[in-house]
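The values are calculated or read from the model by the stated rules, or taken from the named source; none is laboratory data. Since this is a predicted model, take the numbers as computed values, not measurements. Glycine gets a Cβ as well: all are built from the backbone with ideal geometry, and neighbour counts include every protein chain shown. For accessibility, only protein heavy atoms count, side chains too; no ligands or nucleic acids. Shrake-Rupley method; radii C 1.70, N 1.55, O 1.52, S 1.80 Å.
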Amino acid sequence: MTETATRLCDITLNGAAVATGAATLAALLAEQGFAGIKVATALNGEFVPERLRPATALAAGDRVEILTVRQGG
Amino acid sequence: MYGEEAASRLLLGTALYPSPQVMSDAIRAAKSSIVTVSLRREQARGRTGARFLDLIRALPVRLLPNTAGCRTAKEAITTAEMARELLDTDWIKLEVIANDDTLQPDLFGLVEAAEELNKRGFKVFPYMTEDLSVAERLVAAGCKVLMPWGSPIGTGRGLSNPHALRTLRAYFPDLPLVIDAGIGAPSHAAAAMEMGYDAVLLNTAVARAHDPVRMAAAFAAAIESGRAAYEAGLIEPSDRAKPSTPVAGTPFFDLDAPKPGRSRQ
């Protein structure tokens, strides 16, 4: 087993189960294909500003929301 | 609203149009200066949000993000914070939904979220029922605009409770009041404006029309017309007919003749 695999962490990303090797919210965005995309983030129902993403650690069971702007009424 | 003058009294939603082009054309035809948007989950490597933003930013409009779909004050507060960062605006159309069938606002959650958001520096546009006591709580919480529903979202039924809407208007003569939701026809919007409402926010009635662009123009004209009528001063309704043509000098008029509408001897 590789070192990375031992650190995989089960979280919920936008409602779907994801196993991630990312230790922080910023790393998760890069890992999951959100690099360079303007999004807003929440962790376990709390807003996480962009500047705090690198310092926001992830733990098993975390629920992450990655949102963008859409049509609305 | 919140110290800023809007160029148009028609606020338009951006959802449910047959295509992005039709949406843009409808917004232009409506001459709306404020449009609503939502926040939704982004796909990995997705550019959905960026594409939509590019489209909407090309229009001369200010964005009013909503918290549509939120069920609790906490969800709405988090969504508002995310919208503020994404769109760099402190405006938020606050929706806390209580019931799936009616999409009616959860008034308790609404007041709770409004209090917190006002503390955090947001300019809150609360989607509410026409309930006067809730209106007072929202104003006490710091809201400087109120948005009572006409009828439930997407129903197109118009103003379900015109008496309460008149009362609300009379109770807050100086507060910007916007009818939000339930408008189906330009005549509904005109009726709201004739009551003295400051603006109307609608989406489905335009987006789902056979020709959304023409319908947007129709709404814009109705709203302008209703506002002009309010400013001009409407007459009071009366139960009794009053002839508009002068009675004096009526031909064939004889005081001794039998009265019309009464049987002759």
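Where the centre of each part is set by its Cα atoms, how far does segment A:31-73 sit from segment B:41-117, in angstrom?
First find each Cα centre; the distance between them is then 15 Å.
A:Arg70's amide H: which non-local residues (gap 5+, or another chain) put their own amide H closer than 5 Å, with H modeled 1.01 Å from N in plane and none for Pro or chain starts?
B:Ser38, B:Leu39, B:Arg40
³J(HN,Hα) across segment B:8-14 via Karplus (A = 6.51, B = -1.76, C = 1.60, θ = phi - 60°), whole Hz, x for Gly/Pro?
9, 8, 10, 9, 10, x, 10
From the phi angles alone, apply the Karplus equation (6.51, -1.76, 1.60; θ = phi - 60°) to segment A:58-71 and give each ³J(HN,Hα) in whole Hz, x where the residue is Gly or Pro.
9, 9, 4, x, 5, 10, 10, 10, 10, 10, 9, 8, 9, 4
With a ≥ b ≥ c the root eigenvalues of the C-alpha gyration tensor of segment A:3-68, is it rounded (a/c under 1.5), prolate (a/b larger than b/c) or oblate? Walk me through the numbers on the way to the answer.
Values: a/c = 1.57, a/b = 1.40, b/c = 1.12.
Prolate is the answer for segment A:3-68, as a/c is 1.5 or above and a/b outweighs b/c.
Please compute the Kirkwood hydrodynamic radius over the protein assembly as shown, one decimal place, Å, based on all pairs of different Cα atoms. Working shown, then result.
Working: mean 1/r = 0.0448 Å⁻¹.
Answer for the protein assembly as shown: a Kirkwood hydrodynamic radius of 22.3 Å.
Grab every C-alpha pair in segment B:97-185, bin the distances at 10 angstrom width from 0 up to the longest one, and report whole percents.
18, 50, 29, 3
Once you put a point 7 Å from the Cα of B:Ser19 and another 7 Å from the Cα of B:Thr167, both along the Cβ direction, what distance in nm separates them?
With each label placed 7 Å out from Cα toward Cβ, I get 4.8 nm.
Rounded to whole Å and sorted largest first, list the principal axis extents of the Cα atoms in segment B:60-147.
The Cα atoms of segment B:60-147 stretch 32, 28, 27 Å along their principal axes.
Counting only chymotrypsin sites (Phe, Trp or Tyr not before Pro) that are in a DSSP loop and have at most 16 other C-beta atoms within 10 Å, tell me the longest site-free stretch of chain B.
On the way: sites that count: B:Tyr2, B:Phe252, B:Phe253.
Result, exposed sites excluded: B:3-251.
Give me the one-decimal Kirkwood hydrodynamic radius in Å for chain B, with the sum taken over alpha-carbon pairs.
20.1 Å
Please give the total accessible area that chains A and B bury against each other, computed with a 1.4 Å probe and expressed in Å² to the nearest 100.
Working: alone 4950 and 15070 Å², together 17420 Å².
Roughly 2600 Å² of accessible surface disappears when A and B pair.
Per DSSP H run of at least 4 residues, take -39500 (n - 2.57); add these up for the protein assembly as shown, divide by its residues and hand me the 222 nm value, nearest 500 deg cm²/dmol.
Details: 11 runs with 113 residues, N = 338.
Computed ellipticity for the protein assembly as shown at 222 nm equals -10000 deg cm²/dmol.
Please calculate how many Å² of accessible area chain B carries per residue, with a 1.4 Å probe and no DNA, RNA or ligand atoms counted. If you can, show how the numbers build up before the last one.
Details: 13800 Å² over 265 residues.
Heavy-atom accessible area per residue stands at 52 Å².
I'd like the Karplus ³J(HN,Hα) series for segment B:27-41: coefficients 6.51, -1.76, 1.60, θ = phi - 60°, whole numbers in Hz, and an x wherever there's a Gly or Pro.
Coupling constants for segment B:27-41: 4, 5, 5, 6, 6, 5, 10, 9, 10, 9, 9, 10, 10, 9, 4 Hz.
Relative contact order for segment A:3-68 using alpha-carbon pairs under 8 Å, separation at least 6, rounded to a whole percent? Each step should come with its number before you reach the end.
Details: 104 pairs, mean separation 26.9, N = 66.
Worked out over segment A:3-68, it gives 41 percent.
Keeping all protein chains in place, calculate the accessible area per residue for segment A:3-68 (probe 1.4 angstrom), answer in Å². Before the final figure, lay out each step's value.
Working: 3170 Å² over 66 residues.
Spelled out: the 1.4 Å probe surface of segment A:3-68, per residue, equals 48 Å².
List every residue whose amide H lies under 5 Å from the amide H of B:Lys93, counting only residues 5 or more places away in sequence or on a different chain, with H placed 1.01 Å from N in the peptide plane.
Result for B:Lys93 returns B:Asn66, B:Thr67, B:Phe125.
Beyond a 22 Å Cα-Cα separation, which of these cross-linked pairs lie in this structure: B:Lys93/B:Lys144; B:Lys31/B:Lys93; B:Lys74/B:Lys119; A:Lys38/B:Lys144; B:Lys31/B:Lys119? Could you put the intermediate results ahead of the total?
Numbers: B:Lys93/B:Lys144 12 Å; B:Lys31/B:Lys93 20 Å; B:Lys74/B:Lys119 14 Å; A:Lys38/B:Lys144 30 Å; B:Lys31/B:Lys119 33 Å.
Cα-Cα > 22 Å for A:Lys38/B:Lys144; B:Lys31/B:Lys119; rest within.
Just need the relative contact order of chain B here, percent rounded to a whole number, with Cα pairs under 8 Å and 6+ apart. Could the numbers behind the result be given before it?
Numbers: 459 pairs, mean separation 48.9, N = 265.
Normalised by residue count, the contact order of chain B is 18 percent.
Once you wrap a convex hull around the alpha carbon atoms of segment B:172-237, what is its projected area averaged over all directions, in nm²?
On the way: hull surface 19.0 nm².
Computing the convex hull of the Cα atoms and averaging its projections yields 4.8 nm².
How high is the FRET efficiency between B:Arg45 and B:Phe108 when r is their beta carbon distance and R₀ equals 56 Å, given to the nearest 0.05?
Numbers: r = 40 Å, r/R0 = 0.72.
The computed FRET efficiency comes out at 0.90.
How big is the C-alpha Rg of segment B:123-265 next to the rule-of-thumb value 2.2 N^0.38 Å, as a ratio?
Values: Rg = 21.3 Å, N = 143, 2.2 N^0.38 = 14.5 Å.
That works out to 1.47 for segment B:123-265.
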